[in-house]
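Notes follow once the structure below has been shown.
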Amino acid sequence: MLVAHDLSFGFRHHQILSGIDFALAPGEVVGLVAPNGTGKSTLLRNLTGLLKPQNGSVTLDGADAWRNRRAFLRQLFFLEDSQGLFPSLTAREHLRFVADAWGSQVTVDAVLTALHMTAYADKRVGQMSLGMRQHVLLGMYMVADAKYLLFDEPLNGLDPTSIHLFTQIFSKLKERGKGIIMSSHQLGNVTAMADRVFFLKDTRLQVYEAAGIDLDAKYDELYGVQEADW
Ligand SMILES: Nc1ncnc2c1ncn2[C@@H]1O[C@H](COP(=O)(O)OP(=O)(O)O)[C@@H](O)[C@H]1O
Ligand SMILES: [Mg+2]
C-alpha cells in the first residue's frame, strides 16, 4: 500500500495541502482531479519526496519516503512531465536507462512496439513533438514496471488516437496489479477508468468511489463554473 498520513505542505504563506490521508492498494486506479493551480502537482511531489511535507508521512509497503528512501523509490515511478527528458538521448536510450536502473524484465522493444514508437525510437528527444515525448514518458513507466505509478496529467495535449492508446495501456497496467494515481484538471478520460476519485479542494482531499456518485455534478458543486465578465 502507498499510504499518506496527515500530510500537509505550503509555499511560504500559501497553504496547498492539509491533513491528506489515504491508502492506495496495488491494482487500484485513482483519479486526482482539481482545476489548474490547486495543488495536484504539489501533492504528487510531496508523495514522491521531491518536496518535503511540513507534516505527516508517506510510506510504501512500510518503507518511509525519507528514512527508507532507496526501498521506497525502487517500487515507484514518477516523472512529472517530458521536460525532465534528456534532449540529446533517443527514445530507446531513455527506455534502456530506466530498464537498467529499475532492474526490469520488461523488454524495451515490446514497449516501443506497443506504443507505436518504432518509427521514431532512435530519434533524439530534443527533436520530437510534444506528443512524441509524452509517448517516451509513458514508455518509461511501462519499462520501469514499478508497483506504484504516479502520473501528472498524462493525457494533456494528446490527440484522440493517442488518448485511446494511452487509456488501453493504463487498463493493462491496472490488470498487472499496478497501483496508479493519475492527475487531471478535467473529468473524463482519467476518471473513466478510476476506481476512486480524489478531488482536491481548499487544501483537502475529498475521496469518492467513482461508481458511487455523479462525478460531473460533484465537480460543478465543488468548483463551479466561471463566467467571463468582459
Ligand atoms: N515553486 C513554487 N513556489 C511557490 N508557489 C508555487 C510553486 N509551485 C507551485 N506553486 C503554487 O502552488 C499552487 C499549486 O500549484 P500546482 O501544484 O502546480 O497546481 P496544479 O498541479 O493543480 O495545477 C499554485 O498556486 C502555484 O502557483
Ligand atoms: Mg500540475
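Starting from the Cα gyration tensor of the stretch 22-70, take the square roots of the eigenvalues, sort them a ≥ b ≥ c, and report rounded, prolate or oblate (rounded when a/c is under 1.5, otherwise prolate if a/b is larger than b/c, else oblate).
Working: a/c = 2.55, a/b = 1.26, b/c = 2.02.
Here the stretch 22-70 falls in the oblate category.
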Low-density loop positions, trypsin sites (Lys or Arg not before Pro), the stretch 152-230 - DSSP coil, at most 15 other Cβ in 10 Å: 176
Kirkwood-based shape ratio for the chain, expressed as Rg/Rh from alpha carbons: 0.97
Coil-residue trypsin sites (Lys or Arg not before Pro) of the stretch 12-78, DSSP, other Cβ within 10 Å capped at 13: 12, 67
For the stretch 42-159, the Debye formula with one identical point scatterer on each Cα and no solvent gives log10 I(q)/I(0) at q = 0.11, 0.13, 0.14, 0.21 Å⁻¹ as -0.38, -0.53, -0.61, -1.16
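Tell me, what is the per residue accessible area of the chain in Å², probe radius 1.4 Å? Before the final figure, lay out each step's value.
Details: 11510 Å² over 230 residues.
Result: 50 Å² per residue.
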One finds the C-alpha centres of the stretch 14-47 and the stretch 104-132 to be spaced, in Å, by 29 Å
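State the percent of C-alpha pairs, over all pairs in the stretch 1-105, separated by a distance greater than 20 angstrom. Don't jump to the answer; show the numbers that get you there.
On the way: 2605 of 5460 pairs.
Within the stretch 1-105, distances greater than 20 Å cover 48 percent of Cα pairs.
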Probe radius 1.4 Å, ligands and nucleic acids ignored: give me the carbon and sulfur share of the accessible area of the stretch 4-114 as a rounded percent. 52 percent
Distance between Cα centroids, the stretch 155-230 to the stretch 54-99: provide it in whole Å. 22 Å
Candidates per chymotrypsin sites (Phe, Trp or Tyr not before Pro) in the stretch 46-98, loop by DSSP, up to 15 other Cβ within 10 Å: 66
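In terms of the ratio Rg/(2.2 N^0.38 Å) built on C-alpha atoms, what value belongs to the stretch 112-153?
Working: Rg = 10.9 Å, N = 42, 2.2 N^0.38 = 9.1 Å.
This ratio for the stretch 112-153 stands at 1.19.
The values are calculated or read from the model by the stated rules, or taken from the named source; none is laboratory data. From a predicted model like this one, the values you see are computed outputs, not experimental measurements. Heads up, the Cβs are rebuilt from the backbone with ideal geometry, glycines too, and the neighbour counts pull from every protein chain shown. These accessible areas exclude ligands, DNA and RNA; they are computed on the full protein's heavy atoms, side chains included. Shrake-Rupley method; radii C 1.70, N 1.55, O 1.52, S 1.80 Å.
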